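Before any comments, here is the structure.
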Amino acid sequence: MKAHDGFYIDGAWRPAVGRDPIDVIDPAAEQVIGQVPAGTAEDVDTAVRAARAALPAWAATAPAERAARLAALRDVLTARKDEIAETVTAELGSPLNFSQAVHAAVPIAVAASYAELAATHSFEEKVGNSTVLHEPIGVVGAITPWNYPLHQIVAKVAPALAAGCTVVLKPAEDTPLTAQLFAEAIHEAQFPAGVFNLVTGIGRIAGQALAEHPGVDLVSFTGSTAVGKQIAVTAGAAVKKVALELGGKSANVILPSADLAKAVNVGVANVMSNSGQTCSAWTRMLVHTSQYDEAVELAITAAAKYGERIGPLVNARQRDRVRGYIDKGVAEGARLVAGGTESPRERGYFVSPTVFADVTPEMTIAQEEIFGPVLSVLRYEDTEDALRIANGTVYGLAGAVWGEEAEAVAFARRMETGQVDINGGRFNPRAPFGGYKQSGVGRELGAHGLAEYLQTKSLQF
Ligand code: NAD
């Protein structure tokens, strides 16, 4: 695969001579497909300086011009959508049709939404005798994960640029080629030099240097809870704004009035897609005791169907982690009814679609984020019991409720979570996305996502 031996800083690819390269591995073939340089604290400093230097002019650029650049970015991403899908498939391993339909298409929709928002958002408002200005926060340090490599980048960079901020991006080690392709798209879309900068590298070196850098005004991070907590402490000590998206353990609540087969089938597909590497996946299915056995049978059938379509996990470490959780589920007394730790293929970091029945709310597999194709089916006695189980984790990122609509909405209102799909409601790239409780701080997407990158200044008259 095409890979740049450099960092995109101040509008050009700067050679990274003598840097230790990071191998990029195709997780389906277990083969090295490229190398990118690992940035140091010095490289991060160069990138932050470029972003700071570009900030005054970009912040002063008329919103209509910022919108025009974002529209150009949307068009470049659209023109290169096949290449995006192929790159994501090569380094993440997701099946090509999923890469096309989700990994390429969703970021295009998000870029389009910010092209429009930048043009229409009111960056000034009247409040009595005051004029309130909505100004860019400044230089953004964006640190992204590998699970939706382009979406996670666009969901941070597009609103930041729409707001008038400048950005330094440190993408995940496993998926840097998609990030390089994004930097090429920024270049083609003719953003001014220094407005967007890319430093590939290792989290605890380049990522940490970015989070700690005094020239960064806001750190936006998506990834593991452990690293997120560390970043919050670092940013807090420097009185920097921080946005965190840290995963979840979402509940798929099937009320007795639901279309059971549809709820189970969509629920299984939701957990298995992207090989379960989705922070908002509904990994706990809650079924009324009267329908429990039927739901488990339906889930087994749905998981078996998914078996041929599933991609590998991103790397051997993640595969081993997921297998560890499966072993733990068995050890704690859950009933393994589909899948398991056996590898379904000779090569690649694959885990079969796995379903556990007789899972109780306190089990590890019902509490911790597994980040693999593993579904837990839990039983509830009545609505209050379902609610207690649904809200009974430290997370609160997403969820689903199936049933008669008014009843489902009433249940959703009582859930401690940032997004709920009612009867299979589809993804909305403009609806705010983000967590209650330990799922994070802040919101991404739409106008709420834009607001994260703005601060107010009140002028009194
Ligand atoms: P991670 O948190 O280690 O990595 C996410 C990003 O943070 C990467 O760019 C990484 O390089 C960077 N990073 C790592 N250490 C850093 C540090 N000390 N300072 C600054 N940046 C740092 O996540 P991971 O190891 O890729 O995945 C581990 C687990 O995290 C997964 O199993 C899953 O549970 C969770 N996860 C959640 C999401 C999500 O969307 N919320 C995405 C990916 C992973």
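The values are calculated or read from the model by the stated rules, or taken from the named source; none is laboratory data. Just so we're clear, the structure is a prediction, and the values are computed from it rather than from any experiment. Neighbour counts are summed over all protein chains in view; Cβ atoms, including those assigned to glycine, are modelled from backbone coordinates with ideal geometry.
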- [ ] Go through region 109-127 and give me each residue that's away from the ligand (no atom under 16 Å from the Cβ), touching a residue at least 60 places away in the same chain (Cβ under 8 Å) and under 30 Å from residue 315 (Cα atoms).
- [x] 109
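Of 240, 262, 249, which residue is within 16 Å of the ligand (Cβ to nearest atom), basic (Lys, Arg) and in contact (Cβ under 8 Å) with a residue 40 or more places away in the chain? Working first, answer last.
Working: 240 fails: in contact (Cβ under 8 Å) with a residue 40 or more places away in the chain; 262 fails: within 16 Å of the ligand (Cβ to nearest atom).
The unique qualifying residue is 249.
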Open item on the list: Is it the case, given these coordinates, that residue 226 is free of Cβ contacts under 8 Å to residues at least 60 places away in the same chain and touching a Pro at 6+ places or on another chain (Cβ under 8 Å)?
Closed with: no
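So in region 341-356, with the set limited to residues that are modelled with pLDDT of 95 or more and out of contact with any strand residue (DSSP E or B) (no Cβ under 6 Å at 6 or more places or on another chain), which one is farthest from residue 267 (Cα to Cα)?
To start, the set of residues in region 341-356 that are modelled with pLDDT of 95 or more comprises 341, 347-356.
This time we only want the ones that are out of contact with any strand residue (DSSP E or B) (no Cβ under 6 Å at 6 or more places or on another chain), so: 341, 347-353.
Details: 341: 22, 347: 28, 348: 26, 349: 23, 350: 21, 351: 18, 352: 16, 353: 13 Å.
Ranking the qualifying residues of region 341-356, first place goes to 347.
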- [ ] Kindly indicate which of 307, 333, 339, 324 is at positive phi, surrounded by fewer than 22 Cβ atoms within 10 Å (Cβ to Cβ) and free of Cβ contacts under 8 Å to residues at least 60 places away in the same chain.
- [x] 333
- [ ] Would you please name the residue that is surrounded by the most Cβ atoms within 10 Å (Cβ to Cβ), looking only at residues in region 218-231 that are part of a helix (DSSP H, G or I) and in contact with a strand residue (DSSP E or B) (Cβ under 8 Å, 6 or more places away or on another chain)?
- [x] 231
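Might you let me know whether region 221-234 holds any residue that is more than 20 Å from the chain's Cα centre (by Cα) and within 16 Å of the ligand (Cβ to nearest atom)? I'd like the intermediate steps shown before the answer.
Our first condition is that a residue be more than 20 Å from the chain's Cα centre (by Cα); within region 221-234, this holds for 233-234.
With the extra rule that they be within 16 Å of the ligand (Cβ to nearest atom), the set shrinks to 233-234.
The answer is yes, given that some residue of region 221-234 is more than 20 Å from the chain's Cα centre (by Cα) and within 16 Å of the ligand (Cβ to nearest atom).
With assigned to a loop (DSSP other than H, G, I, E, B), near the ligand (Cβ under 9 Å from one of its atoms) and either aliphatic (A, V, I, L, M) or in contact (Cβ under 8 Å) with a residue 24 or more places away in the chain (or both) as the only criterion, which of 201, 215 stands out?
Numbers: 215 fails: near the ligand (Cβ under 9 Å from one of its atoms).
When all the criteria are applied, what remains is 201.
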Task: Yes/no for residue 77 being under 30 Å from residue 348 (Cβ atoms) and without any contact (Cβ under 8 Å) to a residue 24 or more places away in the chain - done: no
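Which fully enclosed strands (runs of 3 or more DSSP E) of region 128-198 have 2 or more residues being at pLDDT 95 or above, among the small types (Gly, Ala, Ser) and within 16 Å of the ligand (Cβ to nearest atom)?
Working: elements: 130-136, 139-143, 166-170, 196-198.
Filter on region 128-198 gives 139-143.
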TODO: With respect to residue 81, determine if the residue is at pLDDT 95 or above and either surrounded by fewer than 22 Cβ atoms within 10 Å (Cβ to Cβ) or aliphatic (A, V, I, L, M) (or both).
DONE: yes
